[in-house]
Amino acid sequence: MGIGNNIEKNLQSKKITVEELAKFTGIEVSRLKDFITEKHTPSVSDLLKIATYLDTDIYSLIYGQEFESKKAQKTAKSSRVKISRKDAYSYESLAPLYPGKHIEPFIVEIPKKEVVETSIHSGEEFHYVLEGKLKITVGEEEFILEEGDSLYFDSSIAHTISSITEKSRIIAAIYNSSSMAQFARGSKMRALIQAAKLLKKQVICLVCPDKTSAEACKVAIDENIIDSVVFVGDKKISEELIQILNLNRNKLTIVNIPYSDSYENECAKKGVEIIKKGLASLIMKGKINTANFVKAILDKNNGIASGRRMSLVSIFEVPNVNRLIFLTDPGINPTLFVDNDLNYSIEIIKNAIDVAKAMGVARPKVALLDANEVPSAKLPTTLYEDKLSKMDWEDADVYGPLSYDLALYEDAVKKKGLKDNKVAGKADIIVVPHIEGGNFLYKAWVMTMGAEVANIVLGATVPIILTSRSDSDMTKFLTICASAIYGEYQKNK
């Protein structure tokens, strides 16, 4: 059974028509029917939209069963999921539905091939030969395996696998004790990880790599979120990082920029040039001053600015709120309103709407946050928010001012009697009038409520990844996942 069959099963079990699904998701009825008949395959953003409306997860659309905790999970022969993680191999997943697993078991078909890829990743591997004859190298050692032979090895050592016969078939069990997917606490963030794993793998351009940023890229490669990384910086630093982190050279390209007085500027310019040439689809900040990094991106003549204002959108899974919440702007723009110019704020709001749509929200509900829901000259920002809410928004519902409780919680809306409001109590996007408010909310949700978060910086033709040394490993990982999803959405708009 494929995705189309699983979408149809979900619709039937929940008594939802294709027309109702089309109305919510914004996907044309004819296109949804093509998904169901498997004439076309839905994009990741389409899958997220469909899963959101059906109140399920991507697992149920792909595998026919929701992601849920199990002490034991049977996988029937007919339920194996065929996937392709590398062009050379054909994989069958033997345990696609077991949540939080440390071991990935596969049946793998390996064709005879002249060029063999070297792999390095954390964990361990076990291979058992079902048919054919293999050559496996681990470091400097070479092993010839025939039918019935097996090999167990440390996969953090460089290794290759090739078929001596025309085709070989093995059972492979890959163990990774630190897989990020198992640590995601919320189902919505887990869905983003699932979605990112479905994408065509992208390339990150890392400007001025350091241990923190390079390690984040390594995790994303190990987790099969990105394909490879371009290091732009001094070659000596890159080589040191390769040794310290045991990075796979086959997944790296080093662009050497020797140290000089203009080192950071030169690195940033080269990173932007790499993006413009199409050699990478995501740009990431390493150990470089943010101002120098951003200056190259926004350069009028040689930069990669999108034409829209740069802003930060933080994506949260907040406890007791059964949807993703998009917060803007907690880190870049000091204020939503500049010199009475609403165009400034419109661009920030549109950036957030784009991100929400990429993550599966068909028609985002945008709350313009303030201290009070009643416009008042004593709070000038409330007057601007009132003007914004009266504008015609083509692909979102925008309303403000709204207080925090009225934006997020329907119980508060009922108590205060704010009826027939499309946004109140249902907001997907929270827009703050000042950076201080956004920063307070961000830190309160993360540090006090334990919310998981991913960050996307917009304003360029590709997503900008800005991670901090203070970010958790999960935040860095989710940021790369969300940036990859948004980058794919941006290409297909």
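A few notes on this one:
- Just one of the numbered conditions (1) within 30 Å of residue 22 (Cβ to Cβ); (2) hydrophobic (A, V, I, L, M, F, W, C); (3) free of Cβ contacts under 8 Å to residues at least 40 places away in the same chain is not true of residue 374: (1).
- Of the residues making up the range 412-444, those that are in a helix (DSSP H, G or I), in contact (Cβ under 8 Å) with a residue 60 or more places away in the chain and in contact with a Leu (Cβ under 8 Å, 6 or more places away or on another chain) number 4.
The rows are residues; the columns are (1) touching a residue at least 12 places away in the same chain (Cβ under 8 Å); (2) part of a loop (DSSP other than H, G, I, E, B); (3) assigned by TED's automatic domain parsing to the domain that holds residue 214; (4) within 18 Å of residue 483 (Cβ to Cβ).
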| position | (1), (2), (3), (4) |
| --- | --- |
| 247 | yes, yes, yes, no |
| 254 | yes, no, yes, no |
| 259 | yes, yes, yes, no |
| 266 | no, no, yes, no |
| 272 | yes, no, yes, yes |
| 283 | yes, no, yes, yes |
| 288 | yes, yes, yes, yes |
| 291 | no, no, yes, no |
| 294 | yes, no, yes, yes |
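- Enumeration of residues in the range 129-143 that are buried (at least 16 other Cβ atoms within 10 Å of the Cβ) and farther than 11 Å from residue 163 by Cβ: 137, 138
- Here residue 115 meets each of (1) more than 17 Å from residue 91 (Cβ to Cβ); (2) free of Cβ contacts under 8 Å to residues at least 60 places away in the same chain; (3) within 32 Å of the chain's Cα centre (by Cα); (4) surrounded by 13 or more Cβ atoms within 10 Å (Cβ to Cβ) with one exception, condition (4).
- The residues in the range 413-456 that are within 23 Å of residue 473 (Cβ to Cβ) and either surrounded by fewer than 17 Cβ atoms within 10 Å (Cβ to Cβ) or not aromatic (Phe, Trp, Tyr) (or both) can be counted, and the count is 15.
- Taking the range 453-474 as the range and being over 24 Å from residue 349 (Cβ atoms) and not aliphatic (A, V, I, L, M) as the test, the residues that pass are 467, 468, 469, 470, 471, 472, 473.
- Strands (runs of 3 or more DSSP E) fully within the range 126-215 counting 2 or more residues that are under 30 Å from residue 3 (Cβ atoms): 167-175, 202-207
- For the range 395-412, a residue qualifies if it is loosely packed, with under 15 Cβ neighbours inside 10 Å and within 17 Å of residue 349 (Cβ to Cβ), and exactly one does: 395.
The values are calculated or read from the model by the stated rules, or taken from the named source; none is laboratory data. A quick note: this is a predicted structure, and the numbers were derived from the prediction, not measured. Virtual Cβ from ideal backbone geometry, glycine too; neighbours counted across all protein chains shown.
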